[in-house]
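The structure appears below as structure tokens.
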Amino acid sequence: MTTYETIIYQAADGVATITLNRPDVHNAMNEALRRDMLRCFEALAIDETVRVIVVTGAGSKAFSAGADIREFTAPQVPTLFREHRRRLDFRGAMERCWQPIIAAIGGYCFGGGLELALACDIRIASADSRLGLTEIDLAIIPGGGGTQRLPRLIGRGKALEMIVTGARIPAAEALALGIVERVVPTDRLHAEAQALARTIADKAPVALRYAKESVVKGLELPLADGLRLEADLSTLLRTTDDRLEGARAFLEKRKPKWAGT
Ligand code: COA
């Protein structure tokens with residue numbers, strides 16, 4: 001199994017868990033962590049054995065406090081910074097993953113940390129977590145997708161309010177806004193995230209892949225094109241062995257055994 005400097009990677013029974021592992025700095029993201037995340041997600045995008053991914057932070061205090069601010073004081077040539085950022089765009093690599101990605105958010109989730117969570121598909125937060133796009137307080141704006149993904153999730157007004165105030169909102173408010181799908185007791189966070197991952201990993205792999213593709217790609221399309229995509233993918237699923245197995249297992253009152261074909 002691949003080892004990394006700044007993240008812990010574990011995979012078993014179709015579920016991969018990525019743990020940001022810089023707890024001394026609330027899992028702030030430095031260059032080494034961006035590189036590790038890029039490598040990890042690039043590998044997962046072509047991994048057929050992992051069917052669900054969970055992303056979380058080490059320690060009890062933070063999912064991630066965002067970009068490592070200590071790197072902000074180094075002089076930066078804008079053209080090089082832009083190229084560099086593009087090469088280390090791990091969130092772009094996340095977009096290429098066919099597997100559903102779950103963010104298990106415990107504690108602080110700020111700046112690039114929230115942008116990481118927004119690049120995931122499903123977000124579960126612990127009751128004590130706080131979330132915000134806090135970049136404005138450092139005289140910058142979110143650069144990891146926050147100004148694009150947040151308004152698409154919760155609408156223009158509330159997203160812009162969060163971005164221009166840098167508000168650090170509690171989990172319950174994030175739930176009401178639709179930034180997270182679930183809030184769970186703090187001591188249940190990892191168990192709940194793993195249980196959800198297990199539920200998903202047990203589904204037929206091809207249906208899982210097409211379900212994500214239809215929703216994620218469909219959101220980028222006009223409705224008529226999205227409906228066409230859904231029709232095509234659901235028609236393709238009529239051709240799989242697993243579709244027959246699903247129907248037979250139901251009729252024979254037993255658990256299905258998916259072949260993945
Ligand atoms: N980058 C680098 N280091 C960070 C960091 C970040 N984003 N966030 C926290 N740290 C470091 C602190 O400097 C501190 O290091 P030290 O022990 O060497 O002094 C350590 O992590 C613990 O943080 P501290 O601030 O002492 O903990 P706290 O519990 O009082 O507060 C936060 C935690 C997350 C509320 C606070 O650290 C914070 O606001 N961080 C910045 C968040 C942010 O704006 N992120 C967006 C960046 S674009």
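The values are calculated or read from the model by the stated rules, or taken from the named source; none is laboratory data. In this text, all values refer to a predicted model and were calculated from it rather than measured experimentally. Reconstructed Cβ throughout: ideal geometry from the backbone, glycine too, with neighbour counts over all protein chains shown.
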Tally, over segment 15-46, of residues that are touching a residue at least 12 places away in the same chain (Cβ under 8 Å), away from the ligand (no atom under 16 Å from the Cβ) and surrounded by fewer than 18 Cβ atoms within 10 Å (Cβ to Cβ): 5
Checklist (1) within 16 Å of the ligand (Cβ to nearest atom); (2) surrounded by 14 or more Cβ atoms within 10 Å (Cβ to Cβ) applied to V164, failing item: (2)
Contacts under 6 angstrom Cβ, first residue in segment 60-77 being at positive phi and at pLDDT below 95, partner within 8 Å of the ligand (Cβ to nearest atom) and assigned to a loop (DSSP other than H, G, I, E, B), 6 or more apart: none
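Given the options R152, R86, name the one that is modelled with pLDDT under 95 and either within 13 Å of the chain's Cα centre (by Cα) or closer than 23 Å to K217 by Cα (or both). Lay out the reasoning, then the answer.
Values: R152 fails: modelled with pLDDT under 95.
So the residue among R152, R86 that is modelled with pLDDT under 95 and either within 13 Å of the chain's Cα centre (by Cα) or closer than 23 Å to K217 by Cα (or both) is R86.
Could you please let me know if D68 is touching an Asp or Glu at 6+ places or on another chain (Cβ under 9 Å), over 23 Å from I200 (Cβ atoms) and more than 14 Å from the ligand (Cβ to nearest atom)?
no
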In segment 110-143, the residues that are assigned to a strand (DSSP E or B) and either closer than 11 Å to V55 by Cβ or more than 16 Å from the ligand (Cβ to nearest atom) (or both): I122, R123, I124
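Given the condition more than 16 Å from the ligand (Cβ to nearest atom), farther than 15 Å from F41 by Cα and surrounded by 22 or more Cβ atoms within 10 Å (Cβ to Cβ), answer yes or no: does some residue in segment 97-107 qualify?
Taking every residue of segment 97-107 in turn, at least one turns out to be more than 16 Å from the ligand (Cβ to nearest atom), farther than 15 Å from F41 by Cα and surrounded by 22 or more Cβ atoms within 10 Å (Cβ to Cβ).
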